[in-house]
Amino acid sequence: MKIVVAGAGKVGEVICRDLCFEDHEITLIELNEKRLESMISSYDITGVLGSGSLAVVQREADVPECDIFIAVTPDDETNLIAAITAKSIGADYVIARVRSPEYSKQMTFLRESLGISVMINPELEAAREVMRGMRFPDALSVEPFANGLVNIVEYVLPEGSEFAGLQLREVGRKQGDVLVCMIIRDEEIIIPHGSTTLEIGDHLFITGKDSEILRFMSGGRNGNRRIKSALVIGGGRITRYLLPRLERYHIRSKVIEVDEDIAEQLAADFPRVEVVLNDGTRQSVLHEENAEHYDAVIAVTGVDEENILINLYAAHVGVRKTVTKVNRTDLLTVLKDTGLKSILTPYRTIANHIVRLVRSMANSAGSNIEAFYSLADGKVEILQFRVAEGNMVCDVPLIDLNTKPGLLIVCIVRGDEIIYPRGDTCIQLGDVIVIVSTHPRFDDVNDILANERAAQ
């Protein structure tokens, strides 16, 4: 596919990096010459120097002939104008990043009246990601598939777990409705089988019924105490999108905000939320506000280091769930061994969202991928396929399918039914299947087969 990206910031870089390895033709538009040159030298892309909102620049980038135009500059107005311009001069599909809550309230109107195919708000998506984590208190991350019918949950097996030392087939006898899709152990990626043994500290990626996932994470006991209260540090855009969602799930919330104007506006807009004017980065303030008594502490200030320190303190005093906003990628490696649970990276969230949209669109160009998620620095992919005509996987018991090593069929969605497959399960035409694989660049459901079968 021919794709033009306007904006070489963090989001633009992730999009270019991920898509250039998939045989797409990528052109980047960027105002900063040094940044543009750096991107061109780092990735297999071409570039045009200039503003993505100008028609003359877009024509130089061959936007009239492109399949997808993506506007992800730091400025909402530039993105909107760029998207409108691209659509008017012939771009087939147009995506614009829009951060302002005012614009977000009018997304449907803007899409319909201006012809913008998709508008994506990073802070709104971040708030949604936080809320998915609230449903699974002990999870590190939650990734939805099949329109939310299936969740794949990342979870670290803790000290004292009754499942430590057990083979998965033994775990299955206790937790029959939970499937372990993947294990990351000391940087090693394991696509498990029945004889795989669980160890303390394993990063498990599990799926199943929500209630069974919760029961698994509680060590086999019935239920898993839900989040009932949340302390939010920082009153920015993410918080604005988050507060009504916390209220909807009956989670009592308090916000600590250091800026008086922001605090007053939050208090006026959310009268049922307690808003405290103070510096939530100070441990004394966190202690005064009884941070240790909250089920969750969500640190979403504009400073990564402050968010990290806030939640290191929260974890130290025994807060069960911490969510830490981090924008700098160089800090992510450092945080692996800190004990912080959910790390929120808004630009990565939005970039992954856009990449998935692009992959879904490739459906019309011969791929039947509907969704994808990249893990472990791109070493593992979770993919969702719709089984179409011309496949070689239907009506064959899974035990007889010669699938590639390093691959696991996680589940099959058939209508409203979710099937966690066994050896005698057969895939049917029209099914949606979710797989985990260490193999990159799947385009078609037939790609799950080993070469010798696929060649038949």
Can you find even one residue in the stretch 241-251 that is of a type outside the set (G, A, S) and free of Cβ contacts under 8 Å to residues at least 24 places away in the same chain? yes
When the residues of the stretch 309-328 are narrowed to those that are in contact with a helix residue (DSSP H, G or I) (Cβ under 8 Å, 6 or more places away or on another chain) and not aliphatic (A, V, I, L, M), which ends up modelled with the lowest pLDDT? R328
Tell me yes or no: at least one residue of the stretch 420-435 is surrounded by fewer than 20 Cβ atoms within 10 Å (Cβ to Cβ), modelled with pLDDT of 85 or more and in a strand (DSSP E or B). yes
Filter the stretch 86-119 down to the residues that are at pLDDT 80 or above, crowded, with 17+ Cβ neighbours inside 10 Å and of a type in the set (S, T, N, Q) and list them by number. S117
Test of understanding: among V396, V434, V380, V387, which residue is touching a Phe, Trp or Tyr at 6+ places or on another chain (Cβ under 8 Å) and of a type in the set (A, V, I, L, M)? V434
Number of the exception - F21 against (1) at pLDDT below 90; (2) assigned to a helix (DSSP H, G or I); (3) over 21 Å from F372 (Cβ atoms): (3)
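Just checking, how many residues over the stretch 283-302 are under 30 Å from the mean Cα position of the chain (by Cα), assigned to a loop (DSSP other than H, G, I, E, B) and over 14 Å from R237 (Cα atoms)?
Matching residues across the stretch 283-302 total 2.
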Matching residues, the stretch 45-79, being more than 14 Å from D92 (Cα to Cα), part of a loop (DSSP other than H, G, I, E, B) and of a type outside the set (S, T, Y): I45, G50, G52, L54, A61, V72, P74, D75
Search the stretch 110-164 for residues being in a helix (DSSP H, G or I), within 18 Å of L242 (Cβ to Cβ) and of a type in the set (G, A, S), and hand back the single one that is nearest to the chain's Cα centre (by Cα). A126
Residue pairs qualifying under the 7 Å Cβ cut-off, at least six apart or on distinct chains, with the first in the stretch 137-159 being among the charged types (D, E, K, R) and surrounded by fewer than 17 Cβ atoms within 10 Å (Cβ to Cβ) and the second being at pLDDT 85 or above and not in a loop (DSSP other than H, G, I, E, B), are none
Within the stretch 24-37, count every residue that is out of contact with any strand residue (DSSP E or B) (no Cβ under 6 Å at 6 or more places or on another chain), in a helix (DSSP H, G or I) and surrounded by 15 or more Cβ atoms within 10 Å (Cβ to Cβ). 1
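Residues checked against (1) within 14 Å of V436 (Cβ to Cβ); (2) at pLDDT below 85; (3) assigned by TED's automatic domain parsing to the domain that holds T324:
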site	(1), (2), (3)
F145	yes, yes, no
Y155	no, no, no
R173	no, yes, no
H203	yes, no, no
List pairs: first residue in the stretch 120-135 and under 13 Å from T322 (Cα atoms) and of a type in the set (V, I, T), second residue at pLDDT 90 or above and crowded, with 24+ Cβ neighbours inside 10 Å anywhere in the structure, Cβ distance under 8 angstrom, at least six positions apart or on different chains. V130/I238; V130/L242; V130/I298; V130/V323
When every residue in the stretch 441-456 that is part of a loop (DSSP other than H, G, I, E, B) and at pLDDT 65 or above is compared, the one nearest to I399 (Cα to Cα) is A450
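The values are calculated or read from the model by the stated rules, or taken from the named source; none is laboratory data. Because the structure is predicted, anything quoted here is derived from the model rather than measured. Every residue, glycine as well, gets a Cβ built from its backbone with ideal geometry; the counts of neighbours run over all protein chains shown.
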